[in-house]
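Heads up, the thing below is written out as C-alpha cells.
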Amino acid sequence: MNIAANIADELETPNADGTIAHALFAEAPNSVSFNKLRKRLLRNVRQAFDDFAMLKGQRRWLIGLSGGKDSYGLLALLLDLQWRGLLPVELIGCNLDQGQPNFPKHILPDYLSKIGVKHRIEYRDTYSIVKEKVPDGSTYCSLCSRLRRGNLYRIAKEEGCDALVLGHHREDILETFFMNFFHGGRLASMPPKLVNDEGNLMVLRPLAYCAEDDMSKFAAAMQFPIIPCDLCGSQDGLQRNAMKEMLADIERRMPGRKDTMLRALAHVNPSHLLDPKLFDFAGLMAGETAPKSE
C-alpha cells in the first residue's frame, strides 16, 4: 500500500454529503500550509498503523486525553481517519482528573460533547499521592505517569477496549531513548506497540512518526482548548528537558538528524552491539560467514 501516494487523494475526495472533512475541521484554516501539515500527520499515523500492525484484530480503543496538544491532536487525526472509513475502530476518549489544584474540570467534557465523542472522565487524586511520596527536589513524572497509566489500564478493561492509545510523538521516543542511554545504561525507548504486563491490553502510539513541531502547529491551527499541567510543568531541570534541549541543538546544527535517529531505532544490528543475550558471540567461530551489517 503506497500511503504517501494515496493520502492526498483520500483527503480531497468528497463524502456522500459533499463534505471533505470531519466536522471537527469546520473552523480549521483553509490554507495550503495547513492542508500539507494535516496530510503529513495523517500519512505518518497511517504509516505507523501499517508498520506496526496496529489495526490487527482491534475493535475498540480508549484514547488517553490529558488536555495537552498531543492528545488533542491524536484524537483529531484518529477521528478524521475514522470518518473517512480508514479506521474501523470505535473510539472512546478518557481523561483522568488527577486532583490537581485549579484543574478546569469542565473544559474536556464540554469539548468532547461538542464534537460528539463518547468519553469518560475519571477522578482519582493521584496528585496528593505524588506530592506526598516524592521528596523535595525530586521529579514527579515517573510516579505520576505510573499511577495514571495504571488507572487508564483499568478503565480500558472496564470499557471493553482492546487497546489504550497514547499521544507520544517522535521527540518523546527519542528523548526516552537518550534518557535510558545516559541515565539507565540500556538501549530502550517507547515502543509504538506493546502489551501491558498483565498481557491483556495493547498499548499503541500512532504518533510515533509525528514531529512535535508539527503537533504544536496543528494544535495552534485547530485552536484546541489546551490545559497546562501544574505538576510536572511546575518543575525545572528535568532530565527529559535536558534531552529535549540536546536534541533541539543537534537538529539546529545538523538538520534532519531526528529523523535519522528514529530510523536508526528501526534498524538494529545485534551482532554489532555488545549484548550476548541478543547475539551468540560464544558460538561465533573463525572460518564461518560473519553476519552482514545492514
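The values are calculated or read from the model by the stated rules, or taken from the named source; none is laboratory data. Keep in mind that this is a model prediction, so the values were computed, not measured. Here Cβ is always computed from backbone atoms with ideal geometry, including for glycine, and neighbour counts include all displayed protein chains. Each accessible area value is taken on the protein alone, full model and side chains, heavy atoms only, with ligands, DNA and RNA left out. Shrake-Rupley method; radii C 1.70, N 1.55, O 1.52, S 1.80 Å.
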Using 1/(1 + (r/R0)^6) with R0 = 35 angstrom and r between the beta carbons of residue 105 and residue 50, what's the FRET efficiency to the nearest 0.05? 0.40
Placing each pseudo-label 7 Å from Cα in the direction of the beta carbon, residue 239 and residue 220 end up separated by a distance in nanometres of 3.1
Applying 1/(1 + (r/R0)^6) with R0 = 22 Å to the Cβ-Cβ distance of residue 60 and residue 146, what FRET efficiency is obtained, to the nearest 0.05? 0.35
Largest-first ordering by accessible area, 1.4 Å probe, given options 153, 72: 153, 72
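Sort 61, 83 by accessible area with a 1.4 Å probe, largest first.
83, 61
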Region 60-120 -> Rg/Rh from Cα coords, Kirkwood Rh, value 0.99
If every alpha-carbon in region 187-280 counts as one equal scatterer, what log10 I(q)/I(0) does Debye give at q = 0.17, 0.24 1/Å? -1.20, -1.33
Provide the solvent-accessible area of residue 66, counting protein heavy atoms only and rolling a 1.4 Å probe, rounded to the nearest 10 Å². 70
Placing each pseudo-label 7 Å from Cα in the direction of the beta carbon, residue 158 and residue 200 end up separated by a distance in nanometres of 1.4
Per-residue accessible area, 1.4 Å probe, largest first, puts 175, 27, 251 in the order 27, 251, 175
For residue 38, net neighbour charge (Lys/Arg +1, Asp/Glu -1) across residues whose Cβ lies under 11 Å away: +3
How far apart, in nanometres, would the label points at residue 286 and residue 246 be if each is projected 7 angstrom from Cα along the Cα-to-Cβ direction? 3.9
Kindly flag which residue pairs out of 39/277; 114/258; 217/277; 105/258; 105/193 have an alpha-carbon separation exceeding 32 Å in this structure. 39/277; 114/258; 217/277; 105/258
Rounded FRET efficiency, nearest 0.05, which uses the C-beta distance separating residue 275 from residue 34 and R0 of 45 Å: 0.50
